[in-house]
1. Sum up the charges of everything whose Cβ sits under 14 Å from the Cβ of residue 86, counting Lys and Arg as +1 and Asp and Glu as -1, but leave residue 86 out.
2. At residue 8 and residue 58, where each label point lies 7 Å from the Cα along Cα→Cβ, what is the point-to-point distance in nanometres?
3. Keeping every protein chain present and rolling a 1.4 Å probe, give me the accessible area per residue for region 30-93 in Å².
4. Give me the percent of the accessible area of region 9-117 that comes from carbon and sulfur atoms, probe 1.4 Å, all protein chains in place.
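The values are calculated or read from the model by the stated rules, or taken from the named source; none is laboratory data. Small disclaimer: the values here were computed from a predicted structure and weren't measured. As a convention, Cβ positions derive from the backbone with ideal geometry for all residues, glycine included, and neighbour counts pool all protein chains shown. Keep in mind that these areas ignore ligands, DNA and RNA; they rest on the heavy atoms of the full protein, side chains included. Shrake-Rupley method; radii C 1.70, N 1.55, O 1.52, S 1.80 Å.
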Amino acid sequence: MSLQPISRVAINCILAKGGSGLEGDGCLYDLSAPDRRLSPQTQLRAGDYVKLRLWLPDEDSHMSVELAEVDWIDSHRLKVDLLSLSPEVRAKLHQFKASQRVTRSTHDTTTEHILIRF
């Protein structure tokens, strides 16, 4: 029996239109705190696991990503690698990314990471 890492931080993120990949604006929440606010003591580091709730522009409902890993973080941005996606969420993210104006010449259709500003 394999154990999944426990995520104590959740990120709500609204994906942005017009990017060259998956990126958006987000808020971080501490799932272990009573008021869910991320305290200064809750340091998010590369390698930490998080949960994501993603909203596409102009949609009312969110998509859930139960497991993502922080790849890097700086003062107000982070990159997360999506580790556990349902087929439905994967398909929606592929469709959203394909609908964006890609400014680079690659044909990258992967959805394995998101750049989040917070």
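1. So the surrounding residues net to +2.
2. Result: 4.1 nm between the two label points.
3. On a per-residue basis, 61 Å².
4. The computed percentage sits at 50.
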